[in-house]
Structures are given as structure tokens and as C-alpha cells.
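Visitor: Below is a structure I'd like to ask you about.
Derivation of every value follows stated rules applied to the coordinates shown; laboratory data play no part. Fair warning: this is a prediction, and the values are worked out from it, not measured in the lab. With ideal geometry, Cβ positions are generated from the backbone for all residues, glycine too; neighbour counts draw on all protein chains shown.
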Amino acid sequence: MTLSFRPMTAEDLRLLHEWQQRPHVKRWWSDRETYEQVVEHYLPAIEGKEPADHFIMLLDERPIGMIETYLVSDYPEYEAVVGVGAGVAGVDLLIGEEALIGRGLGSEVINRFVEEVVFASPATVACIAGPEASNIASIRAFEKAGFRREREFLEEGRPHVLVRRDRQEQASA
């Protein structure tokens, strides 16, 4: 079983839209209903016009989900909510293939992505994520990948948990 990441392309947007409509994903990624909304949101970053990096997760070369990273400081409104300072990257992910949920793959994806992609930049001192507080499986996956709970915060009126992994910390997964 080989896990890898490749930069997302415009050709991946139909698959991403399909994943985001699946019930197990839509529960947490519900803000883009149409294909056009997916294109509008992701294409600028793919084209280098927005400061986020989106990747397709591959399991044995088969696309299974999407993972993204960005510098929190590039998004001032979010930075004001989480207050994490300079040199901190954020990460978000979705596993589009429901059959792969609940098998420990999430923590492996997170750990590998943070080590291979996020911390590839020497200026990145830490990585955070902010799963919804009710998304216990996601929080657990981040914890298994070496993240620790910092605190709860409100985003779009819903409670989220800020999890953080500093560069020097190693995952226990």
C-alpha cells in the first residue's frame, strides 16, 4: 500500500465535486453544492492566484481524497480567529472514498503530508487544523498524527477544536 500526494489540477475538480457531494464528506464540507462553486473556489489556487496548495491523495496511485495547506497569515480573518502567529501552516483534508474511513488512514495521511509537504518549508514552525468539535474521528486522526488540542473556537457560529503540531514534535502513530 503506497500513499502519495500530487498537486491538484483543474482536471481533478469534477472528482473533487463528486467527493464533496458524498454524505460522509458533505457532513463536514457542505459549502460548495455545484461544480461551478468548486471551480470558483479551487481553480484560483491551482492557477497560482491564491496562496493555498491543494493536493490529491493517492493510494496505490488511485485518487482517494484531497488535502490542502496554506500559511494562516495569508488569511487574516482566519488568523484573527485562531491567533497562531507567523510561520504556522494550516491543513484540511477529506477522504472521498467512504470505504477507507475508520481504518487509520487519516492519521497516516496527516502525518506523511505534514512531514513531506508542510514542513518542507523551513519557515514553517508549526501546523494547525480546526476540525469541528463534533468531528471526533477527525480530531482523533490529528491526535494520532502528533497534534495536540490547544483550545476550542467558534467559526461560522460552530465550535471547532484547534489542534497543533510543532515542527520538533514527532507523531506517535
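Visitor: Considering only DSSP beta bridges with both partners in segment 35-157, what is the antiparallel share in %, to the nearest 5?
Guide: Working: 15 of 18 bridges.
Counting only bridges with both partners in segment 35-157, antiparallel ones make up about 85 percent.
Visitor: Still on this structure: Nearest 0.05, what FRET efficiency do R148 and A86 give at R0 = 25 Å with Cβ-Cβ as r?
Guide: Values: r = 20 Å, r/R0 = 0.79.
The value I calculate is 0.80.
Visitor: Quick one: which residues, 5+ away or cross-chain, put their amide H under 5 Å from the amide H of G96? H built at 1.01 Å from N.
Guide: The answer is G65, M66.
Visitor: While we're here: Say we join alpha carbon atoms closer than 10 Å with springs in a Gaussian network model of the chain; which of V114, V81, V38 then has the biggest fluctuation?
Guide: V81
Visitor: Would you calculate, for the chain, the mean residue ellipticity at 222 nm contributed by helices, counting each DSSP H stretch of 4 or more residues as -39,500 (n - 2.57) and dividing by all residues, to the nearest 500?
Guide: Numbers: 6 runs with 53 residues, N = 173.
The per-residue figure over the chain is -8500 deg cm²/dmol.
Visitor: For a quick check: with amide H placed at 1.01 Å from N, whose amide H comes under 5 Å from M8's, ignoring anything fewer than 5 positions away on the same chain?
Guide: Distant-sequence amide H within range of M8: H54, F55, I56.
Visitor: Same structure, new question: Note down the Stokes-Einstein diffusion coefficient of the chain in µm²/s, whole number, using a Kirkwood radius over alpha carbon pairs, 20 °C, and 1.002 mPa s.
Guide: 131 µm²/s
Visitor: Comparing A45, A145, A126, which has the greatest mean-square fluctuation in the GNM of the chain with Cα pairs linked when under 10 Å apart?
Guide: Sorting by GNM fluctuation, first place goes to A45.
Visitor: While we're here: Only residues of segment 67-102 count here: report those whose backbone N is under 18 Å from the spot 7 Å along Cα→Cβ of S4, or say none.
Guide: In segment 67-102, the label zone of S4 (backbone N under 18 Å from the point 7 Å along Cα→Cβ) covers 67.
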